[in-house]
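Everything below concerns the one structure shown next.
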Amino acid sequence: MRLSRRMAVAAVAFGTLMATVACTSTDEPGTGTGTKEVEVFTWWADGGEKAGLTGLETVFGTECKDFKFVNGAVAGGAGSNAKQVLASRLQQGTPPDTFQAHAGAELSDYINDDQIEDLSAQYGEWGLSNAFPKGLIDNLTVDGKIYSVPANIHRANVLWGNKTVLAKAGITKDATTLEGFFADLDKLKAAGVATPLALGKDWTQQMLFEALLISKLGPEKFNALWNGTGDWAGADMTAAITDYKKLLTYTNSDRDTFDWTDAEKMLMDGKAAYQLMGDWEAADLDAKGFKDYSYSVFPGNGNVFQWLADSFVLPKGAKNADGTKCWLKTVGSAAGQAEFNKKKGSIPARTDVPADGFPAYQQAAMNDWKTAVQVPSCPHGSACAQTWQGAVGSAQGKFSTDGDVAALQAALASAAAEFGPKAK
Amino acid sequence: MRHRKRTWIPGLLLISPSLILLAVFVYGLIGWTVDLSMQDRHNARPSKGFVGLDNYDKLFNHDINDRFTHSLLNLLVFTVVFIVGTIVLGLLWSLLLERGARAEGFFRTVYLFPMAVSFVASGVVWRWLMNPGQGENAGGINAIFEGLGLHFLEGPWWTDPDWGMAAMAMPAVWQLSGYVMALFLAGFRGIPDELREAAVVDGATTFQLYRRVLFPQLTPTILSALIITGHMSMKMFDLIMSVSGAQWLTEVPAVYVWQTLLTRDYAKAAAISVFLLLVVAVVVVPYLIHVNRSEKRS
Amino acid sequence: MTTQTMTAPPRSDQAPAPAPGPRRRRLPNVVRYAVLLLFVLIVLMPLYVLVVTSFKSGREIGVNGQWTLPETWTFASWEKAWLSLGPSFGRTFQLAIPVALLSSIIGAANGFVLARWRFPGADVVFTLILFGMFIPYQAVMIPLREVVLWLGVAPGIPTLIFVHTVYGIPICTLIFRNYYATVVPEELIEAGMMDGAGLLRTFRSLILPISIPGFVVTVIWQFTSAWNDYLFAIFMSNTRNGPITIALNALAGAQSPDYAASMAGALITSLPTLLVYILLGRWFIGGLMAGSVKS
């Protein structure tokens, strides 16, 4: 008797189990109830990014009443968890209805792998071709076709400062040259600021290095590095890396344990005077209630605007292509861009969005965007594809620990040769 | 009376679903990965052809900054500290406890509890404990040293370029020493009392008793402990991802695979995985054969 | 070489017979207990930090004073952590319980065959099965995602149930094989045969009733490893459909990580396995011991 009862329990347990496996209907959004849902895949899971996405969702809700927005955000790992999930879903042929991708070279991965659709026709239909600046359109165009709709523009080469700390060291005006910057950093050290420049790990180091490269090489040579006509092995690169090494001596030695927000905290706490970071820092500082900050373009960058852009695409095999197109139309519209960017802290990629209603920093950036010299960014995907990005990131990580100038230069040159445009 | 003769066919039938599953999901997929590691497939498109061992050659001889070799060295440091640490602590604890102690259950429970915690969860607190800030910025363990005035003990922990992986092994040692202790305790208790008694009758000192009589009996236990900790070390991924995240400083092959898959270099990721598998197999296969043989003998 | 690992563990928590041994030159007890207690402090240190920090409020969480008790105890971080971990907490039970039951049942059947209903080549097959325990799962991960999808298993928890069950077969088979080899006398099977029982009936009516200790061990082992797994989870699920380790990693690895909430989250994540460990401690240890192929 005991046994049979036990067997019954086992049978029930087993049955339940099989039912779980068989019936637990997919939790993957967008695969559930029909084709009306539009799964928007991003890594915008918290903070201003999430708020921006919610803003877009609101506009989408009124513009595309036939469709339902499904938030497919994947958190964690600074976007790397999301990219891993995305790669496997694309490979398995179960793509989300649309996903976030950095505009520029990073998109080429998806284009080369034949995973996203050509949107040139939609550009014409929605009048987007004239709404974006020509430079951006050129950057988005691959073999005469356009594959994504940019939602925003961020500026990467901005130097943030703590006004109080700077004033204490007698610095009233931000430096405009690299020499001047080094002099200021020395002043800060002399004034007792142990780490004048706050820095984080991997990609934040890549950003600092690129800002310095722009100062040392100028925008033309900097651009050339990424389009395959530049020289990574030359003497000017050696000089730049040597300067970068010197710059690192002004930063916190525990940088490899820091995210950009930890570095930002050093700035807010007055433990550091400066931090180089993209202009999402403005929104973040505002959100954290820190008012005492200054900003300027990285010393020596002149009127160079190092840009990066988030864009959305139509994956091949998306279940709800009509819904996706309506989403993309929303993303590209003036209303969508205004709503999204006010919350995310970036500026609209369109040049016809009225500036009023945007915070002061963003208004200034919108102005610069129209007139400045544009260069792309590798850690943020506008300059280089993901494989290249990975190799550069690893090399920078090594340099942060050993400061070996020759090794970094050799690694950067090899990475360009192996993954750069010449390699294809 | 219906006496049935035992035939082996039903046994094989009962076990065959498992055998098929393992044949497919262990050996089949390993075969798949091995094949992939020899293809020219460095993006999401189909392979451009068979390239033999080229991908392996690239890993060892042409990887930028010798990244793969570096990850192997990291793994080596981690593994040595992890294995030595768990075995030393596990042995020490089991020696302190093996002849019975007051509140032995309490001590054993405490020493073992970290084993129940996932690396992801313990990584959260160890990242905090191993804060590399020193002096007035000291945090975590450094703050204790700072408070005790032991400044010279404050360290950069896992951010040290040469020995950082030794620090990274500390949470793993914390987590698994209790397990090794349990293995040793079971080993000690498996030794027949007659052996001890005989040694005592022969006038052996405590030291001699352990050295000559008990430790030799523990050889199989030590072997198990080595194999278990060793193969865990090869797979180490969760802990590193949650303490430092994926970065050069603490990169081991398992993390390198993750990073490589992010850039969709499937063949390279497969080659790293297969190499890892080979390292494990070189140690584990002889061990399994040894166990199989010694079992037959007895 | 015996399989004492399997019989010893369930009893191993009881006070051991004080081993007869030389009493001379024994380490003074004071020293011994001092060392033992020192290690207790060291081992519990991370737990102390977790608990203390999880009850602190935002302003108290800085580099300084992280070892002190909270000035004001607050549950705010626990609430915040629960908000982000709650859904995956339930899902992880949906994952770990089926995995524990399924692989135990399979393991029992396999173990019985390999121990007491052997077929030619059983030893070789057993060794081949065992190897599956040791493989670095990275070596199967790339094609695994494709195969599981091709099989039509739904993404998220169902996929993870399937995967954990399959890769749990080796350890469960090992545990049951060693267990049956120790506790099931050959005569029992013979007696069953005399009564005309075939394989299934023998297994069901003679073997299963005495298998509880084995089941306890495998269920605990599989529950814990499915609960604590991160590798399969990160490759095959995400924060919306995956287990709690993924959610915790996202919480603790967010751009502006909230340390108090992360620590509360780490405690929430560890609670079920710690509970299993505390309540079923002696079997838990048995499970750990069984992880070794032989002792």
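Any read-out appearing in this document is the output of simple, stated calculations on the displayed coordinates, not a laboratory observation. Nothing here was measured: the structure is a model prediction, and the numbers come from that model. Methodologically, a virtual Cβ is constructed for each residue, glycine included, from the backbone with ideal geometry; neighbour enumeration extends over all protein chains shown.
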Checklist line | Built amide H within the under 5 Å cut-off of A:PHE305, gap 5+ | finding: A:VAL373, A:GLN374, A:VAL375
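Using the alpha carbon gyration tensor of the stretch B:1-50, what are the three equivalent-ellipsoid semi-axes (square root of 5 times each eigenvalue), largest first, in whole Å? Could the numbers behind the result be given before it?
Values: eigenvalues 390, 12, 7 Å².
Three semi-axes, in Å: 44, 8, 6.
By Kyte-Doolittle mean hydropathy of at least 0.5 and Cα axial length of at least 27 Å, which whole DSSP H helices of chain B are selected? Provide the component values of the computation, followed by the final result.
Values: long enough: B:67-97 (44 Å, 1.93); B:164-189 (37 Å, 1.15); B:266-297 (45 Å, 1.15).
Span-like helices here: B:67-97, B:164-189, B:266-297.
Treating only the Cβ of Lys, Arg, Asp and Glu as charged (+1, +1, -1, -1), what charge dipole size does the stretch B:19-87 show about its Cα centre? Round to the nearest 20 debye. Working shown, then result.
Details: 5 positive and 6 negative charges, 39 e Å.
The calculation lands at about 180 debye.
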Check: So how do A:290-302, C:233-245, B:38-50 stack up, highest first, on mean other-Cβ count within 10 Å?
Finding: C:233-245, A:290-302, B:38-50
Item checked: Between the stretch A:335-414 and the stretch C:184-200, the Cα center-to-center distance that results, in Å -> 74
Item checked: Residue order, fewest to most surrounding Cβ atoms within 10 angstrom, among B:GLU104, C:GLU79 -> C:GLU79, B:GLU104
Check: Mind listing the phi-derived Karplus ³J(HN,Hα) values for the stretch A:340-352, rounded to whole Hz, using 6.51, -1.76 and 1.60 with θ = phi - 60°, and x for any glycine or proline?
Finding: 5, 6, 4, 7, 7, x, 9, 10, x, 6, 5, 9, 9
Checklist line | Alpha-carbon spread of the stretch C:76-290, three principal axes, descending order, Å | finding: 69, 40, 24
Item checked: Long-range amide H partners of A:ILE153 with built H, under 5 Å -> A:ILE347, A:ALA349
Next item on the list: Rank by packing, highest mean first: peptides A:309-321, A:353-365, with packing defined as the count of other Cβ atoms within 10 Å averaged across residues.
Entry: A:309-321, A:353-365
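What number do you get for the stretch A:113-271 when its Cα radius of gyration is normalised by 2.2 N^0.38 Å, N = residues? Before the final figure, lay out the partial values.
Numbers: Rg = 20.0 Å, N = 159, 2.2 N^0.38 = 15.1 Å.
Scaled against compact globular proteins, the figure is 1.32.
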Checklist line | Percent of C-alpha pairs per 20 Å bin, chain A, short to long | finding: 25, 53, 18, 4, 0
Next item on the list: Based solely on C-alpha atoms, express the radius of gyration and the Dmax of the stretch B:48-297 in angstrom.
Entry: 21.7, 74
Notebook entry, point to check: Which value, in debye to the nearest 20, gives the size of the charge dipole of chain B about its Cα centre, when Lys and Arg are +1 and Asp and Glu are -1 at the Cβ?
Noted result: 1620
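Just checking the output field for C:112-121: average partner chain Cβ neighbours within 10 Å of each residue's Cβ?
Values: counts 3, 9, 2, 0, 2, 9, 4, 8, 2, 2.
Per residue, the number of nearby Cβ atoms from other chains is 4 on average.
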Note to self: Can you work out the Karplus-derived ³J(HN,Hα) for every residue in the stretch C:160-165? Use 6.51 cos²θ - 1.76 cosθ + 1.60 with θ = phi - 60°, whole Hz, and x for glycine or proline.
What the structure shows: 5, 4, 4, 5, 5, 5
Item checked: Per-residue [θ]222 nm for the protein assembly as shown (sum of -39500 (n - 2.57) over DSSP H runs n ≥ 4, rounded to 500) -> -19000 deg cm²/dmol
Notebook entry, point to check: Once Rh for the protein assembly as shown is found with the Kirkwood sum over Cα pairs, what is the Stokes-Einstein diffusion coefficient at 20 °C and 1.002 mPa s, in µm²/s?
Noted result: 70
Next item on the list: May I ask for log10 I(q)/I(0) of the stretch B:123-214 at q = 0.14, 0.22 Å⁻¹, from a Debye sum over the Cα atoms as equal point scatterers with solvent left out?
Entry: -0.67, -1.03
Item checked: Built amide H within the under 5 Å cut-off of A:HIS102, gap 5+ -> A:SER311
Next item on the list: Report the dimensions of the stretch A:53-157 along its three principal axes from the alpha-carbon atoms, largest first, rounded to Å.
Entry: 35, 34, 34
Checklist line | Order by protection proxy (mean Cβ within 10 Å, highest first), peptides A:148-157, C:181-190, A:212-221 | finding: A:148-157, A:212-221, C:181-190
Check: Once both axes come from the Cα atoms, what is the angle between helix A:360-371 and the longest principal axis of chain A, in degrees from 0 to 90, rounded to 10?
Finding: 80
Next item on the list: Could you sort out which of A:LYS271/A:LYS344; A:LYS173/A:LYS221; B:LYS235/C:LYS80; A:LYS36/A:LYS329 sit more than 22 Å apart by Cα distance in this structure?
Entry: A:LYS271/A:LYS344; A:LYS173/A:LYS221; B:LYS235/C:LYS80
Item checked: Residue-count net charge about A:ASP174 - beta-carbon cut-off 12 Å; Lys, Arg +1, Asp, Glu -1 -> +1
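Provide the net charge surrounding B:GLU98, with neighbours chosen by a C-beta distance below 12 Å and charges set as Lys +1, Arg +1, Asp -1, Glu -1.
On the way: positive: B:ARG99, B:ARG108, B:ARG189, B:ARG196, C:ARG32; negative: B:GLU104.
Around B:GLU98, the surrounding residues sum to +4.
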Notebook entry, point to check: Once the dipole of the protein assembly as shown is set up with Lys and Arg at +1 and Asp and Glu at -1 on Cβ about the Cα centre, which of A:ALA416, B:PRO216, A:LEU328 lies farthest towards its positive end?
Noted result: B:PRO216
Next item on the list: Considering only DSSP beta bridges where both residues belong to the protein assembly as shown, give the percentage that are antiparallel (nearest 5).
Entry: 65
Check: Along the positive direction of the dipole of the protein assembly as shown (beta-carbon charges: Lys, Arg +1; Asp, Glu -1; about the Cα centre), which of A:LEU56, B:PRO161, B:ILE272 reaches farthest?
Finding: B:ILE272
Next item on the list: Arrange A:ASP236, A:ASP66, A:ASP259 by Cβ neighbour counts within 10 Å, fewest through most, would you?
Entry: A:ASP66, A:ASP236, A:ASP259
Checklist line | HN-Hα J in Hz across the stretch A:275-285 - Karplus 6.51, -1.76, 1.60, θ = phi - 60°, x for Gly and Pro | finding: 8, 8, 7, x, 7, 5, 5, 4, 4, 5, 4
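Taking each residue of B:133-144 in turn, how many C-beta atoms of other protein chains fall within 10 Å of its C-beta, and what is the average? All intermediate terms of the calculation are to be shown ahead of the outcome.
Values: counts 5, 2, 1, 4, 8, 3, 7, 5, 3, 1, 5, 3.
Across B:133-144, the average partner-chain Cβ count within 10 Å equals 4.
Roughly how crowded by other chains is peptide B:53-65, in terms of the mean Cβ count from those chains within 10 Å of each of its Cβ atoms? The partial results should precede the final answer.
Numbers: counts 0, 0, 0, 0, 0, 1, 0, 0, 0, 2, 3, 16, 14.
Taking all residues of B:53-65 together, the mean is 3.
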Note to self: Could you tell me how far the Cα centroid of the stretch A:82-100 sits from the Cα centroid of the stretch A:219-233, in Å?
What the structure shows: 32
Item checked: Charge sum, other residues only, whose C-beta stays under 9 Å from A:TRP280's C-beta, Lys/Arg counted +1 and Asp/Glu -1 -> -3
Next item on the list: Taking the dipole about the Cα centre of the stretch B:48-297, with the C-beta of Lys and Arg at +1 and of Asp and Glu at -1, give me whichever of B:THR260, B:GLY190, B:ALA121 is farthest to the positive side.
Entry: B:GLY190
Next item on the list: Quick one: P(r) of the stretch B:210-255 from all Cα-Cα pairs, 5 Å bins, percents rounded to integers, in order of increasing distance.
Entry: 5, 20, 18, 13, 11, 9, 8, 9, 6, 1
Notebook entry, point to check: By count of other Cβ within 10 Å, fewest leading, how are A:THR62, B:THR205 ordered?
Noted result: A:THR62, B:THR205
Check: Which distance in Å, rounded to a whole number, links the C-alpha centroids of the stretch A:135-186 and the stretch B:1-60?
Finding: 52
